[in-house]
């Protein structure tokens, strides 16, 4: 083996979960026309700018962190609100995610929902699996599906909080966007001792945002 | 006049109010032996390092921001907990602040407290005034005492929140320290629309901390 054992154990990772300066990951009233809720304009401006920069062949703090989030990921876990704005039972199965016909995942995606639905295979290799199993079971399935690669939690904040509280997250990359929101959904809410096992391993600012990375102690 | 009018109107400023990554300005159980409460070790490490650097003639992001907080300040406002750990009525007047015989302020300091006490003149030019007047009145007195210079709110978070909610703060410099706390007192709690009048004007990281500055729109 050329790498040490530590590096070869698949990890559960969170990337560029973006917060306002006052700590909100979403505003109130998340819905179809406003997936991140009200009053939170500009939250992901740094990401759109980084995507444009990358498309133009530029590098930098933001582009590098964006790239990191896509390296060595074999499966994704997300909450139901990240998959779509539908609440309660599925009225029909016409909603196939926010990402059009060819979602960018290109691997198995596990969607936490209390409402069962058949797996959905999309163009480009993405398959959405809908599950109401406990997070430990879903994570096990995701690691198996990832076949040796890492698993990423896409979001939203409630889903990340659940895995963080259970101590299942290995790496958490946060971004602080230069906006103030005043109300909404926090990532860090009532975490208590759940953060004791983590330390800050990087804090770096670009012109557009600040990146803060947590890892296990 | 060589400066425009805007620059000559005295301002109310907050400097290096330090938060953990999860948004806490203090841990639970603030008291004499732990002025910032429990579980928040390392919150001000960046500041102590910057003070040492400054004493050794070094400059840098942190030293520069520390210096900025001391420029052109003619009076300070603080909450009672920042003055001392005594709660309720003063038992006697032996407590004269956390700062020894020669506090670093060297100007009038207004301490919000419901419990009256005679003004306290210290060596080096600091006088502590104790007041239970409304914040607008205290601010007016502080501006008069500052005689054309700016006024700074020293802290703690509850006092800053009160002035922020009333829209009285002109500049707010935050620091994010690379620690996780899990519980305690937030700066930004239930701010709602009170932050609408502010924008982020700077976001910059050193090896030790991230500085985020807010100003009026």
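Nothing in this text is a laboratory measurement; each read-out follows from the coordinates by a stated rule. Owing to the predicted nature of the structure, the values given are computational and were not obtained by experimental measurement. Glycine also receives a Cβ, built like all others from the backbone with ideal geometry; neighbour counts cover every protein chain displayed.
Observations
- Packing here is the average count of other Cβ atoms within 10 Å per residue, and on that basis the peptides A:93-104, B:205-216, highest first, run B:205-216, A:93-104.
- Mean ellipticity per residue at 222 nm, deg cm²/dmol - from DSSP H runs of n ≥ 4 across chain B, formula -39500 (n - 2.57): -6000 deg cm²/dmol
- Approximate spin-label separation residue B:53-residue B:149, in nm, with each point projected 7 Å along Cα-to-Cβ: 2.5 nm
- With a 10 Å cut-off around each Cβ of A:194-200, the average count of Cβ atoms from other chains is 4.
- Over the protein assembly as shown, the Kirkwood radius and the radius of gyration, each from Cα atoms, give a ratio Rg/Rh of 1.03.
- Highest mean first, the peptides A:197-203, B:86-92 sorted by other C-beta atoms within 10 Å per residue fall in the order A:197-203, B:86-92.
- Remark: mean inter-chain Cβ contacts per residue of A:165-177 equal 1, using a 10 Å Cβ-Cβ cutoff to other protein chain atoms.
- Label point at residue A:133 placed 7 Å out along Cα→Cβ; residues across the range A:69-91 whose backbone nitrogen lies under 16 Å: A:75-79
- Residue mean of other protein chain beta carbons inside 10 Å, A:21-27: 5
- Position residue B:199, label points 7 Å along Cα→Cβ, spacing to each other copy in nm (shortest first, one decimal): 3.9
- Mean Cβ neighbour count within 10 Å, used as a protection proxy, ranking B:34-44, B:50-60 highest first: B:34-44, B:50-60
- Antiparallel DSSP beta bridges within the protein assembly as shown, percent to nearest 5: 45 percent
- With the simple model of a label 7 Å out from the Cα in the direction of the Cβ, residue B:92 to residue A:91 spans 7.5 nm.
- Linear extension gain, residue B:115 paired with residue B:217, 0.36 nm per residue minus alpha-carbon span: 33.0 nm
- Using only alpha carbons, the range A:68-197 has a radius of gyration to Kirkwood radius ratio (Rg to Rh) of 0.96.
- Distances in nm from residue A:114 to the matching label points in the other copies, shortest first (labels 7 Å along Cα to Cβ): 4.3
- Gyration tensor (alpha-carbon) shape descriptor, the range B:1-139, a/c threshold 1.5: oblate
- Antiparallel bridges, percent of DSSP beta bridges restricted to chain A (to nearest 5): 45 percent
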